Amino acid sequence: MEPINQLVAQRKQKLQKLIELGVNPYPYKFERTHTTKEVKEQFESLENQTVRVAGRLMANRLMGKAAFCDIRDMYDRLQLFIKKNEVGEHGFDIYKLLDIGDIIGVEGIVFKTRTGEISILVKELTVLCKSIRPLPVVKEKIEDGKRVVYDPFSDKELRYRQRYVDLIVNPEVKEVFIKRSKIITAMRNFLNERGYLEVETPILQPIYGGASARPFVTTHNTLKMKLYLRIANELYLKRLIVGGFEGVYEFAKDFRNEGMDRFHNPEFTQMELYVAYQDYYWMMELTENLISSIAQEVLGTTKITFQGHEIDLTPPWRRLPLFEGIKEYTGMDLTDATEEELKAAAEKLHITVEKEWGSGKIIDEIFGEYVEPKLIQPTFIIDYPLEMSPLAKKHRDNPRLVERFEPIIAGKEVGNAFSELNDPMDQRERFEAQMELRARGDEEAQVLDEDFLRALEYGMPPTAGLGIGIDRLTMLLTDQPSIRDVIFFPQMRPEQSGDES
RNA sequence: GGGCCCGUAGCUCAGCCGGUAGAGCAGCGGACUUUUAAUCCGUUGGUCGGAGGUUCGAUUCCUCCCGGGCUCACCA
């Protein structure tokens, strides 16, 4: 138990007094007729009418025998006017035992105050939940239609650890998550309209695959078996394409046991889509249409602002082959460069080449350092080196490349896609190359999946695949600088508890 | 993991060259029946993140630890 401070003790006393007044501080339900927002929006027709609204008490201005207070529900904030001669002695005694943070319901008459604020003259007040822990009090006023906050609840650690408080006190946080939900709904609708099937595949996997990353490991007690939390669902979705589904997608929580920063949380959400008989050119069109139509639907525009950058998501997006991008931003043509030449080029660009890096890795580094951050407007980077992409099909015109693209927006990739490799012999060779990397100590190299190869041996149609990072897309569309601002409960170290255990 | 910065009341923050803490808001008591960052008067509240060290004396200086933020590295 943490030390009970004075504020909690006072609130518990008030709780006791409420009970003595015959009030149930935790009743079962409250019928409301309107939300706070509806009261404001429908004021014309509701004026002088009786309504019932409920919400959390956010501010209190007591003036002897009358008081103004503000309640907030999910939609808006509304002022209540409580007069002793309206609610009665008993009602006013109850009111005086309320604290900021309590949840109440009221019945009363809609009116406008002398200063023009839509309010409710309370006739009857019901306690719905007595709060015994003090809420940070955020003072705010509306100035020229903008919300001005005086004592913001701004400590990021507290906001992330106690997201419930963050949501109560900072309404704009709620807006971000509402948009996140709308983004997912819009994406799902877009995919369903095209006839693709939403499916579910295993999170606990005996062999992890579909991406280059280190996994989380767990154990199944009964089977006495090591299981991995999925790092991607790609290989399972492709098995479904083998099975005869022609368009499948999944919103997948993936888990990667890696560092955390502004763009990375150990668990994150990705939407993966696989469509039979299509290639990556087709998928590029789908991707630009998907993202621009989500923006249109959720934000009402395809022109967005992200961290000060004006970004136009209107299709078509620029398509820039990886090596042309490098040429454009470094002046170096590395298209046919050998590994030695790549090393020399990298050093000239002040990139320290680690000795275990292959040519793919070096190219990726140069790209990541010199090209990607410059790509503010939506750009498809296309045609990656073969060795970086063990699951992608060889480029139809250049066997050193694969047919792969990443949509880059605001200098960050928001997805990954390719013409899927469906040649089982080629796939086996690629896995074997990965296993060799693994043997050399690359812990992120991919693992050979015999069952997946067996599936490919039965035959998979030509297929286009796409993964979209939902968290990053949400950051982009809500203009949030950190992934932690678009995940309700981002990963944190455990809180230090007061007592030793 | 490296670098920089932060941790003081429920919240937001001051606290100088070392003398065991202060403000605003919230809370509590009082005045006030159209206020709105309500106002006015009074007032409670602190293991100064933790453990050591230096010192007569540490919130302040030093070391280590814990937690966090930003940033670089790796990754979506």
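The values are calculated or read from the model by the stated rules, or taken from the named source; none is laboratory data. All of these numbers come straight from a predicted model, not from anything done at the bench. Here Cβ is always computed from backbone atoms with ideal geometry, including for glycine, and neighbour counts include all displayed protein chains. Remember, those area values only see protein heavy atoms, side chains included, never the ligands or the DNA or RNA. Shrake-Rupley method; radii C 1.70, N 1.55, O 1.52, S 1.80 Å.
Using r as the Cβ-Cβ distance of residue A:423 and residue A:146, and R0 as 56 Å, what FRET efficiency do you calculate, to the nearest 0.05?
So, using R0 = 56 Å, E works out to roughly 0.40.
So if R0 is 35 Å, what FRET efficiency would residue A:199 and residue A:324 give, r being the distance between their Cβ atoms, rounded to the nearest 0.05?
Given R0 = 35 Å and the Cβ-Cβ separation, E is 0.45.
Just add up the charged neighbours of residue A:432: K/R +1, D/E -1, any other residue whose Cβ is under 15 Å from the Cβ of residue A:432.
-4
I'd like to know which of A:100, A:68, A:42 lies farthest towards the positive end of the charge dipole of segment A:4-135, counting +1 on Cβ of Lys and Arg and -1 on Cβ of Asp and Glu.
Result: A:100.
Can you tell me the length gained on complete extension of the stretch residue A:454 to residue A:398, counting 0.36 nm per residue apart and subtracting the Cα distance?
The residue A:454-residue A:398 span can extend by a further 17.4 nm.
As I understand it, the dipole of chain A uses +1 on the Cβ of Lys and Arg and -1 on the Cβ of Asp and Glu, about the Cα centre. Which of A:127, A:148, A:218 lies farthest toward its positive end?
Farthest along the dipole direction, towards plus: A:127.
For residue A:156, which lysines qualify as cross-link partners when the Cα separation must be under 16 Å and same-chain residues fewer than eight apart are set aside?
Here the lysines satisfying the reach criterion relative to residue A:156 are A:174.
Mind giving me the nanometre distance, one decimal, between the label points for residue A:111 and residue A:347, set 7 Å out from Cα along Cα→Cβ?
Roughly 8.4 nm, to one decimal.
Taking a ≥ b ≥ c as the square roots of the eigenvalues of the Cα gyration tensor of chain A, is the shape rounded (a/c under 1.5), prolate (a/b larger than b/c) or oblate? Working shown, then result.
Working: a/c = 2.45, a/b = 2.19, b/c = 1.12.
Judged from the Cα gyration tensor, chain A comes out prolate (a/c at least 1.5, a/b above b/c).
Identify, among A:385, A:362, A:375, the residue whose Cα sits farthest towards the positive end of the charge dipole of segment A:338-453, taking +1 on the Cβ of Lys and Arg and -1 on the Cβ of Asp and Glu, with the dipole about the Cα centre.
Projecting each Cα onto the dipole axis, the largest value belongs to A:375.
Could you please state, rounded to a whole Å, how far the C-alpha centre of segment A:131-204 is from the C-alpha centre of segment A:427-459?
Result: 40 Å between the Cα centres.
Between residue A:257 and residue A:20, what is the FRET efficiency for a Förster distance of 41 Å, r being their Cβ-Cβ separation, to the nearest 0.05?
The pair residue A:257/residue A:20 has a calculated efficiency of 0.15.
Cα gyration tensor of segment A:142-283, axes a ≥ b ≥ c as square roots of the eigenvalues: rounded (a/c below 1.5), prolate (a/b > b/c) or oblate? Working shown, then result.
Details: a/c = 2.96, a/b = 1.51, b/c = 1.96.
Oblate is the answer for segment A:142-283, as a/c is 1.5 or above yet b/c matches or exceeds a/b.
Counting Lys and Arg as +1 and Asp and Glu as -1, each charge on the Cβ, what is the dipole of chain A about the Cα centre in debye, to the nearest 20?
Numbers: 68 positive and 83 negative charges, 568 e Å.
In total the dipole reaches around 2720 debye.
By how many degrees, between 0 and 90 and to the nearest 10, does the Cα long axis of helix A:339-348 differ from the longest principal axis of chain A?
Approximately 50 degrees, to the nearest ten.
Could you tell me the relative contact order of segment A:137-250? Use alpha-carbon pairs under 8 Å, at least six residues apart, and round to a whole percent. Numbers along the way, then the final one.
On the way: 117 pairs, mean separation 21.1, N = 114.
Computed over segment A:137-250, the figure is 19 percent.
So, in nm, how far is label residue A:8 from label residue A:74 when the simple model puts each one 7 Å beyond its Cα toward the Cβ?
Result for the modelled spin labels: 3.0 nm.
Give me the mean projected area, in nm² to one decimal, of the convex hull enclosing the Cα positions of segment A:4-135.
Quarter of the Cα hull surface area: 8.0 nm².
Assign one of three labels to segment A:13-56, namely rounded, prolate or oblate, based on the Cα gyration tensor with a ≥ b ≥ c the square roots of its eigenvalues; rounded applies when a/c is under 1.5, prolate when it is not and a/b is larger than b/c, and oblate otherwise.
Values: a/c = 3.23, a/b = 3.00, b/c = 1.08.
Because a/c hits 1.5 or more and a/b exceeds b/c, segment A:13-56 counts as prolate.
Quote the charge dipole size of segment A:4-135 about the Cα centre in Debye, to the nearest 20; the model charges only the Cβ of Lys and Arg (+1) and of Asp and Glu (-1).
That gives segment A:4-135 a dipole magnitude of about 500 debye.
Residues of chain A: accessible area per residue at 1.4 Å, in Å²?
51
Find how much the distance from residue A:50 to residue A:303 grows on full extension, using 0.36 nm per residue of separation minus their present alpha carbon separation; answer in nm with one decimal.
My answer for the length gained is 86.8 nm.
Give the separation of the Cα centroids, segment A:213-231 to segment A:376-401, in Å.
31
Roughly how many whole Å is it from the C-alpha centroid of segment A:258-282 to that of segment A:68-95?
Result: 49 Å between the Cα centres.
If each DSSP helix of 4+ residues adds -39,500 (n - 2.57) and the sum is divided by the residues in chain A, what number results at 222 nm, nearest 500 deg cm²/dmol?
Mean residue ellipticity at 222 nm (helix-derived): -10000 deg cm²/dmol.
Just grab the label-to-label distance for residue A:207 and residue A:41, each label 7 Å out from Cα along the Cβ direction, in nm (one decimal).
Each label point lies 7 Å from its Cα, and together they span 5.4 nm.
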